[in-house]
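Here is the structure we will look at.
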Amino acid sequence: MSAQFLYGGAGILLFALGLWSLLVHEALLRKLIAINIAGGGVFHVFIAIAYRGDTAPPDPVPHALVLTGIVVAVSATALVLALHRRLEQAEEPAADAEVLSESASASSAAPPPRTPAERTPGTPHPETPHG
Amino acid sequence: MKRDLALLLGILLALLAALLLWALHATLALEPGPRLAELASARLEQTGVSNPVTAVLLNYRAYDTLLELAVLLAALLGIWSLGPAPAGYQRSGPALAALVDWIVPLAILAGGYMLWVGGHAPGGAFQAGALLGAAGVILRLSGEPSAGLPGEPAQRWLVVLGAGVFALVGGGLLASGFGFLTYPPGQAKWLILLIESAATVAIGVTLTAAYVGGRPGSGTAHNGTGQSRTVQR
Amino acid sequence: MTLIPWLLVAAWVWPLLLAWPVAGQGGSWRASSATDGSVTAAVSSTVPITVPSKAHWRGFLTILGPLPALLAALLLPVGTRLELPWLFLGTALELDPVGQVYLLFTALLWLIASVYSAFSLRTAEHAGRFGALFLLAMAGNLWLIVGQDLFSFYAGFAMMGLASYGLVIHDATPSALRAGKVYLVMALLGEVSLFAALVIIAQQTGSTEPSPDDLTQLTALPIALVLFGLGVKAGLVPLHLWLPLAHPAAPVPASAVLSGTMIKVALLGWLRFLPVGTQALPEWGGLLAAGGLLTLFYALPVGLVQADPKAILAYSSVSKMGLLMLVLGLVLMEPALAPVGVAGIALYAASHALAKGGLFLGVGLRKQAALQPALVQPLVLGGLLFLALALVGAPFTSGAVAKYAVKPVIEAADWPWVAAAVAVSTVGTTLLMGRFLWVSAGTRTHSAPGYLWPGIAWALLIALVALFPFVLGKATSWATNSVAVPLGVVLATLVALAAWRNPDWLKPLIGLIPPGDLIVLSRPVGALVKAFGGWLWRPIGQLAARIAGFAIDRYERVCNEPPGDVERGLRAWSVAGALWIGILALLVVALLSGEPLLDNGEASSDQGGIQADSGRQAEAIANEESSPD
Amino acid sequence: MADLLILPVLVPLLGGLLATALPVRSALVGTLAALATSLSGLSITLLVWLHGDLGTVLGGWGVPLGIGLSADGLSAALLAMASLVALAISIYAGSYFAGSAQARHFWPLWLLLWSALNGVFLAADLFNLYVMLELLGLSAAALGALTGKREAIAANLRYLLVGLLGSLTYLLGVALLYTAYGTLDIGLLGERLGPTPIAATALALMVSGLALKTALFPLHFWLPPAHANAPAPVSAALSALVVKASFYLILRLWTELFAPITDIGAATLLGLLGAGAVLWGSWRALRAQRLKLLAAYSTVAQIGYLFLFFPLLASLPPGTARDDLFAACVLMALTHGFAKAGFFLAAGLVQQKAGHDRISELGGVAQRMPATTFSIALAGSALVGLPPSGSFIGKWVLMRGAFETGQWWWLPVTVLGTLLAAAYVFRVLSRAFGLEPTPLQFVTNARTEIPALLLAFASVALLGLAAGPVWAVLGFGAAPA
């Protein structure tokens, strides 16, 4: 019981910490990591409740739910990263996100994607080239 | 100011965490009610697999797993819709190349093992697919622009393979009177293996393609100027 | 035979159906789709698009619009009823006695106005749009008369009111657009308060088709809302502001129905939704009567100084509505008068609708009918003179009969001076009509082709007005107003003679008060009040500014954003997050502290959904048992 | 028969997979799949109407182990709305994206979104709902960013993160419930659930997470930019359908599963937020410079109306009056679905033909597109709540309920919201009247104009004139007198 509560409680603390970081920090990658931490916290809780004492085998259902949840989290993370990279590629800063671009019939004004080498230094990115 | 807000948020979240901890504590202190665990292990014999987690994933709650494959696909489609993939990386040096030549087949082999072992021990399609995806990532990092993926048409078929086989098996069972994803007695093992194999390939390809990060096809390996961009009418 | 009651449906559905083909007439809407219709089709600018010969016939469909309603009014016996349980949440159509009178004069006036509009507007731009909106307003007007329930009344009322907005601004002149704006704002205010009133009536009486006895349960709020909501439509001073602006701004046939039939529905609504004849409402009745008197006398002098004949007619409508409100108010004070009063109001409304509609159409004819043969314009003026006499209620006219019908109510009033006041108002109305004829006689005509049939229809209307006293009135009623009207005529003649002798005599008065009186006068008054208030309330204003400044400053400090855009502040993650967690916390607190609404036992009988779930449960368990073993 | 419940999820899923695999034929595959999906959804509605509630458990394992699907009146009503609206959007999109490279990205994602939408309406399992919500959120965000413009991407990135946060919070609530009650099935849970602190905490977590996804004021911050910057068919789907999915879930959880623990205080909190949404959303819509932004803020306001029903539902005992309120709430949600989809589709046409959607410069455009202008007028009158639209009846019952329960303070909110709505709709419409010289060009495009027109017409005439069937599908005997 107490070990179970410690593990699940740690999950709840992770959830709260992730939430705090998500809401307070501006940088998108920090937000993304934060939301993954919060998600990890929720998965912790699921793992904790699968425990049914030292003798009985654990409940497989929460385990399966966590597996499903992880895949969902991975998918969402991938999409957020792709959107983020696309946003970085767009040159001009938006004065206001509410302002629609002038013409729907004109072709997209997105500039060609920058090569990785042009990326501003210091921005963490999963595809930072090596070698 | 910003710091005040952060502090306020911190206090609010601390209160929330305290509340949740109390709720969790109170819940755990309760007499554990009837759980699914007993039922799941009681029926394990009939599921066609002996690993309870795999039984939940591919038999009891197979519908969730099917949709999860759809989620993965939706993410990839979203990535593809954002434009062509960026250029790859420069070729790796000879030492790394040699290492890659070892690691990638090993990862694929390990993936195959993971898939097979999932039937009775921890493992399964997702773990296997993740290993395949890792092999693709390593290939891409070592300078292979396509990350070992085939051309666009084949790639498109491969990424829908998992959910496709899954849904077709489900629909076929529905059409033959068993009900959606209700495996007929005795057939479950093979059907699950079929679905898992297809899912493994699809997950591996999807993860790799998501890592490549853009639409496949002609535009993969150059600087991105002459590609067809998304054009709205 | 069973088909006959369906005339009540056809009365308002038929104009709705016609709106579709009529909308397609005119060059502007259809000229292009002749090509493949894929993307665009340009009509060369050299082709005059105002003469779309092919689509002509559609314009004449408007004339067919009011026919079923007219048939229903003439053929159906009073009390014919048709239930439509599937419409809205249950609707009933019925022809009650007052409704029959209303349906008759409404359909007649719409018919004649349709003839006028079909012939006069067919080559104008946007004739299709005008025709469709005209039919929509017609459908709404007829629907609210035959519909007996709150839904039908409100639906018809809103459809009529909003379609009329399009009619008012049809000419798209700056003054029409301004009139339209005033009209729209006031009409929407009226409609929303009427809606609230009807909802409360439904709630308090427990019925969407309340009988007069049900209505005795009403509290003050719905009565006040009904009086306000319909008061806007009726032109109750000071809610009349839109009326003298909108009626002259609209094209002639639209003015005719606006002034003739549409403002009368307010009285119908009051008769239906106030406890007329079942409960004495001395305060509300007194209020309405006083408002009616104010309206009656306020509009006369303001109307006298107008320069536009249509504005004069609009003020005359306001004044006449004041008289009807006075009568209704007296009936509300003394329920015993209800049978006489209600019939009198219906008769008076009919008489005024036909006469006023005829006058508006006559103004149009005066402006546009042919100059040749030479007899035409004098005939038009003669017709106007006759209609004006009918409007003031000269002996042997429809107005006299109508006046006679409401007389018992006025004479029985607790206030003995009311009768005298009404007589004075009759003199005033006579003067107003004299002024109208004077202005009409001086109108410059711009002859246009195509006014033969409108003229014939107008002549028919005059014939109907002329027959009115002899068909509907007793011989004793013919001589009503035999003192007041001649007195007014004499006075008017004296004024006219004086003005003729010395044309500059009255000049300073004309145009002294612009149409829309209060709304125009309110501007300098508003500026004055503002200046005075600014001086008086400066210290308070400073305090308020300081508080606001402090709040903005705090806000700015919290959100680190410019103060202008709250929305942008909300969009910051930390602000939104704090709000979200705050809401979450409040929810938890509320749920934990609150008394659960239902204990478990009751909850399962809650709503059916849970039962459904347990039904599903049973099925699921059965499923489980049959699962492969 | 209940086995067929899977079809509205399965058919678009298969269609989406096929459209992914065959990018060149995606429009054809997509249109055919849309037709089939629509048919399957409508047939489920028909079955529920004729035979009552349907339920099945997938996998043949029975309820606690397997995942249940169920369709009661509420599901059926929303399923029917989604089927019709999404079909119209599909037909419109076929023409809107024709010849564009976006088509091959649109169709698979759109079909996956539709599959998730139907899945939410039919699911009877709390965790399955989480997966469905994620599929819905991911595909919606990807579709919203389809234009590739910076504003669209920024807005949808935020939308995606907000959606993730919302569903994560929801999932934590599910975890608490599973800990306490050991099942994920809504039906079983309903039998076991009692007024315990754990259930209250779980409800608060789930509802606040879903409220974030529903854009309930003041959590609507992500909606206007995301909905206003998406391609027109996507805007229509997001505003008309996607937001309704999470609202549907709140309604179901609040009034069914958690009925034993909800109380008037918490319901009043939701009502107050709804009132804020009505006033603030309408006000912002009135101030909006662009047509699509106006429509997006109007969605915020219309969502607010739906939450005004909660305190009224909470203070009425089970009975006809409460049924009427519930049905009126659903009717308003359905009407908004049709009207807003029609409005966005028409606005998209205006934007496409005019090259912009600045309201102040729309005069000539509106004249040149009579059918589209008419669609905007019809949809607008449904948004205002003019008779005979469905929201007219909705507001009628809402206001009557406010009086019946003595909570008269919702009345001025409704009245003020209606006036503001009339103001913003007429602000657009007054541009259509004769200010400009008669234009020389007329734009007609039946394939895109007719879906918008039909949707707008349905919101006004179909749902308002014949509201009775909504009551019948929901299983309430008769419409209110």
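Round to a whole angstrom and tell me the spacing of the C-alpha centers of region D:75-126 and region C:142-169.
37
Would you mind giving the mean number of other chain beta-carbons within 10 Å of the Cβ of each residue in D:10-17, as a whole number?
Numbers: counts 8, 2, 0, 11, 7, 0, 7, 15.
What the average comes to for D:10-17 is 6.
With θ set to phi - 60°, apply the Karplus curve 6.51 cos²θ - 1.76 cosθ + 1.60 along region C:319-336 and write out the HN-Hα couplings as whole Hz, x wherever there is a Gly or Pro.
Each residue's phi maps through the Karplus curve to give 4, 5, 4, x, 4, 5, 5, 4, 4, 5, x, 5, 5, 5, 6, 10, x, 4 Hz.
Using a 10 Å cut-off around each Cβ of peptide C:197-204, what is the average number of partner chain Cβ atoms that fall inside? Write out the running numbers ahead of the final one.
Working: counts 0, 3, 11, 6, 1, 7, 6, 3.
Taking all residues of C:197-204 together, the mean is 5.
Would you be so kind as to identify which of D:GLY173, D:ALA321, D:ILE91 lies farthest towards the positive end of the dipole of the protein assembly as shown, taking Lys and Arg as +1 and Asp and Glu as -1 on Cβ and the Cα centre as origin?
So the residue we want is D:ILE91.
Among the listed pairs D:LYS149/D:LYS213; C:LYS310/D:LYS395; C:LYS356/D:LYS395; C:LYS320/D:LYS395; C:LYS264/C:LYS310; C:LYS356/C:LYS474, give every one whose C-alpha distance is greater than 28 Å. Could the numbers behind the result be given before it?
Details: D:LYS149/D:LYS213 23 Å; C:LYS310/D:LYS395 39 Å; C:LYS356/D:LYS395 37 Å; C:LYS320/D:LYS395 35 Å; C:LYS264/C:LYS310 18 Å; C:LYS356/C:LYS474 23 Å.
Beyond 28 Å: C:LYS310/D:LYS395; C:LYS356/D:LYS395; C:LYS320/D:LYS395.
Please work out the Cα center distance from region D:48-64 to region B:52-115, rounded to the nearest Å.
Value for the Cα centre distance between the two parts: 35 Å.
Rounded to the nearest 500, what is the 222 nm mean residue ellipticity of chain D from helices alone, with -39500 (n - 2.57) per DSSP H run of 4+ residues and division by all residues?
Numbers: 20 runs with 341 residues, N = 481.
The per-residue figure over chain D is -24000 deg cm²/dmol.
Work out, step by step, the length gained on full extension between C:ALA290 and C:ALA343: first 0.36 nm times the residue separation, then minus their alpha carbon distance; give nm to one decimal. Don't skip to the answer; put the middle values down first.
On the way: separation 53, 0.36 × 53 = 19.08 nm, distance 2.13 nm.
Roughly 16.9 nm would be gained on extension.
What three numbers, in Å, describe the spread of the alpha carbons of region D:270-427 along their principal axes, ordered from the longest?
Taking max minus min along each principal axis of the Cα atoms, region D:270-427 gives 53, 24, 18 Å.
Among D:328-340, C:441-453, how do they line up by average Cβ neighbours within 10 Å per residue, starting with the highest? Write down the numbers at each step before the final one.
Working: D:328-340: 28.2, C:441-453: 12.5.
Top of the packing list down: D:328-340, C:441-453.
Is region B:1-109 rounded, prolate or oblate when judged by the Cα gyration tensor, a ≥ b ≥ c being the square roots of its eigenvalues, rounded requiring a/c under 1.5 and prolate requiring a/b larger than b/c? It would help to have the intermediate numbers written out before the result.
On the way: a/c = 2.28, a/b = 1.20, b/c = 1.91.
Oblate, since a/c reaches 1.5 and b/c is not below a/b.
Under 1.5 on a/c is rounded, so check that first for region B:49-218, then, if it is not, pick prolate when a/b is larger than b/c and oblate when it is not; a ≥ b ≥ c are the square roots of the alpha carbon gyration tensor eigenvalues.
Numbers: a/c = 3.02, a/b = 1.65, b/c = 1.83.
In terms of gyration-tensor shape, oblate.
Of the residues B:GLY124, B:GLY204, B:GLY83, which exhibits the maximal mean-square fluctuation in a Gaussian network model of chain B defined by a 10 Å Cα contact cut-off?
For chain B, modelled as a Gaussian network with Cα springs under 10 Å, the answer is B:GLY83.
Please report, in Å, the Rg and the Dmax of region D:208-286, where both are computed over Cα atoms only.
For region D:208-286, the Cα radius of gyration and maximum Cα-Cα distance read 13.8, 43 Å.
Relative contact order for region D:263-476: what is it in percent, counting Cα pairs under 8 Å that are at least 6 residues apart?
This gives 29 percent for region D:263-476.
Arrange the following residues from fewest to most other Cβ atoms within 10 Å of their Cβ: D:VAL234, C:VAL427, D:VAL415. Let's see the in-between values first.
Details: D:VAL234 32, C:VAL427 22, D:VAL415 17.
Least to most surrounded, the residues fall as D:VAL415, C:VAL427, D:VAL234.
How crowded by other chains is C:154-161, given as the mean number of beta carbons from other chains within 10 Å of each beta carbon?
On the way: counts 5, 7, 2, 1, 7, 4, 0, 1.
For this peptide, the per-residue mean of nearby foreign Cβ atoms is 3.
Can you pull the percent of Cα pairs in chain D with separation above 35 Å?
Details: 29454 of 115440 pairs.
Here the long-distance tail beyond 35 Å is 26 percent of all Cα pairs in chain D.
Can you give me the C-alpha center-to-center distance between region D:159-177 and region D:376-428, rounded to a whole angstrom?
32
Checking a compactness column here: for region D:1-122, what do you get for Rg(Cα) / (2.2 N^0.38 Å), N being the number of residues?
Cα Rg divided by the expected 2.2 N^0.38 Å: 1.10.
Would you please give the FRET efficiency between C:LEU385 and C:TRP415, computed as 1/(1 + (r/R0)^6) with r the Cβ-Cβ distance and R0 = 25 Å, to the nearest 0.05?
Rounded to the nearest 0.05, the efficiency is 0.15.
So which chymotrypsin sites (Phe, Trp or Tyr not before Pro) in region D:189-268 end up in coil per DSSP with only 11 or fewer other C-beta atoms within 10 Å? Intermediate results must be reported in sequence, preceding the final value.
Details: sites: D:PHE221, D:TRP222, D:PHE247, D:TYR248, D:TRP254, D:PHE258; in loops: D:PHE221, D:TRP222, D:PHE258.
Within region D:189-268, no chymotrypsin sites (Phe, Trp or Tyr not before Pro) qualify (loop, at most 11 other Cβ atoms within 10 Å).
Long-range amide H contacts for C:TRP86: which residues qualify at under 5 Å (H placed 1.01 Å from N, peptide plane, sequence gap of 5 or more or a different chain)?
C:THR91
Rounded to two decimal places and with Rh computed the Kirkwood way over Cα pairs, what is Rg over Rh for region C:336-520?
On the way: Rg = 18.0 Å, Rh = 17.9 Å.
With Rg and the Kirkwood Rh in hand, the quotient comes to 1.01.
With N set to the residue count of the protein assembly as shown, report its C-alpha Rg divided by 2.2 N^0.38 Å to two decimal places.
1.02
Can you sort C:SER211, C:SER351, D:SER43, D:SER38 from fewest to most other Cβ atoms within 10 Å of each residue's own Cβ?
Details: C:SER211 11, C:SER351 28, D:SER43 15, D:SER38 23.
Final ranking by Cβ density, sparse to dense: C:SER211, D:SER43, D:SER38, C:SER351.
Explain nothing, just compute: Karplus ³J(HN,Hα) = 6.51 cos²θ - 1.76 cosθ + 1.60, θ = phi - 60°, for every residue of region C:185-196 in order, whole Hz, x for Gly and Pro.
4, 6, 5, 5, 4, x, 5, 5, 6, 5, 4, 4
Averaging sequence separations of C-alpha pairs under 8 Å and six or more residues apart, then dividing by the length of region D:125-256, give the relative contact order as a whole percent. Show your work: numbers first, answer last.
Numbers: 150 pairs, mean separation 41.6, N = 132.
Answer for region D:125-256 is 31 percent.
I need the shape label for region A:2-88. Rule: rounded when a/c is under 1.5, else prolate if a/b > b/c, else oblate, with a, b, c from the alpha carbon gyration tensor.
Values: a/c = 5.98, a/b = 1.88, b/c = 3.19.
Here region A:2-88 falls in the oblate category.
Give me, ordered by chain and number, the residues 5 or more places off D:ARG290 or on other chains with an amide H under 5 Å from its own placed amide H.
Result for D:ARG290 returns D:ILE359.
A short reminder: the numbers here are calculations on the coordinates, not readings from a lab. Quick caveat, the model's predicted, so the values are computed rather than measured. When we count neighbours, we look across all protein chains shown, and the Cβ atoms used for this are built from the backbone with ideal geometry, even at glycine.
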